[in-house]
Amino acid sequence: MNPEFRRQLWLQFSATRLAILPLLLAATFFTVYLSVPTAPAEPLAAVAMLLFGVLVLGMGTFAAGGSVMDEIADRTWDQQRMSAMQPWAMTWGKLAGASAYGWYGGALCLLVALPSALVQEPLPFVLKATVMAVLAGVFLQALLIAINLQLLKSGSRVSRRGGVWALLLVLLWGSGMVMATLRGANIGWWGQSMGRLDFALASLALFTVCALVAAWRSMAEVLAVRQLPWAWPALALVVTAYISGFAWAQRVPVVGVVGLSVCAVLTYFALLTEPQTRPHWQRVLNRASAAQWQALLLQLPRWPTTLVLAFVFAVVSAMALEPLATVPWTLSNAVLLQPVAFALLLGRDCALALFFAFSPQTRRPVMAFAVLMLVLYALLPWLLRSLGGSALAGLALPLFGNGMVAMVIAAGHLGVALWLLRWRWQTTAPRSNGA
């Protein structure tokens, strides 16, 4: 048996806890039955599913997330990091073991909810809704573990509480979306018509797989187990394909624009959440100079993968938008090369972020980078537009200008940023004692 799973079971279960939960649930269901003796099926199903949500989506999820953060608070995390367990074994051991008590109560609730719901609803609907409830529990638990592992690098209270707030945002956004898709007309996705419940079930299954992979990869990062950086660009492709499937026409331009946007978001997220240290990048360059390509990929951070993918989507967007210059609406040539200009500015921002990260004097490189982005994208264009019109503003923010001009100016921005990064790299190089 997985030692982490067994340890979590010992922490979660005791004879008292095993006995008291069924008694409390039985008393609750009996009270509901006595309150509505004539037609108890519907209220029993509603109360049972509500308790399932409390036990699995609530208690089980926070127990799974706490399986990491509590280890840090109890100062036992370093011992686990030094163990010989592989990332996936550690991940599923914490995921299944820490939430086992919540699933124990949730299973008891389903024993009441399923027969009660079958009185009101057909069997296929009940089974699909039950599978969705189970998948939702696994999804949220894996997601909170992944969030907490990512926030673990901050080493502050944010790492302990930030995952909870992020999870609440996901709940507020996702619960309304799922409930809205359970019934009604079919949904068109990539030209296929699907029932709303079937589509919600398939979507939740996809999200659950992504959350499990995210938890596994995050655990590997925290345990310092190097892996090839395929998961981050794969996530970008999955999200792009999922969102683009809702387009009813002109899917290629939609794929390009959505893919570019998704890659930009993931690039910024990885760039600002991963430590960008000079020694780490020195190892990457050493692997490149020695032509050790597999070792280079193992050392490579996540954000360059989606940055490269962003340029691919930018080219796809520009090529797909060109035939649409006149149909079905008038599209000015000014915007045809804007995706490429946007990708060039994304590369510029990455170079500037490394410029601050490599500085030995900058104590808060992320804050310095955020201030610079505020100046470059808001304050400076606003000031130049007030002084000399849109022409000057286009020099600061090329996206204001014509497509070709914007691309040239954005390339100039990227060149300046790369020159600054090269200067920073040279000035922070360690000096040899023999010099």
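What follows draws every value from the coordinates through simple rules; no lab data is involved. Only a predicted model underlies this, so the values are computations on that prediction, with no experimental measurement involved.
From the helices alone, meaning DSSP H stretches of at least four residues, give me the mean residue ellipticity at 222 nm for the chain, per-run term -39500 (n - 2.57), in deg cm²/dmol to the nearest 500.
It comes out at -24000 deg cm²/dmol, rounded to the nearest 500.
Over the range 250-329, calculate the relative contact order: mean separation of alpha carbon pairs under 8 Å at least 6 apart, over the residue count, as a percent.
54 percent
Only Cα pairs under 8 Å and at least 6 apart count here; give the relative contact order of the chain as a rounded whole percent.
Across the chain, relative contact order equals 12 percent.
Please report Rg (one decimal) and Dmax (integer) in Å for the Cα set of the range 260-317.
12.8, 36
Would you mind getting the Kirkwood hydrodynamic radius of the chain from its Cα pairs, rounded to one decimal in Å?
Roughly 25.2 Å, rounded to one decimal.
Hey, any idea what Rg/Rh is for the range 183-228, computing Rh the Kirkwood way over Cα pairs?
That ratio is 1.28, to two decimals.
For the chain, modelled as a GNM with alpha-carbon contacts under 10 angstrom, which of 24, 395, 307 fluctuates the most?
24
Find how many whole Å separate the alpha carbon centroid of the range 112-135 from the alpha carbon centroid of the range 1-47.
Centre-to-centre distance over Cα atoms comes out at 18 Å.
Once you have the alpha carbon radius of gyration of the range 332-430, what is it after dividing by 2.2 N^0.38 Å, with N set to its residue count?
Its radius of gyration relative to the 2.2 N^0.38 Å reference: 1.16.
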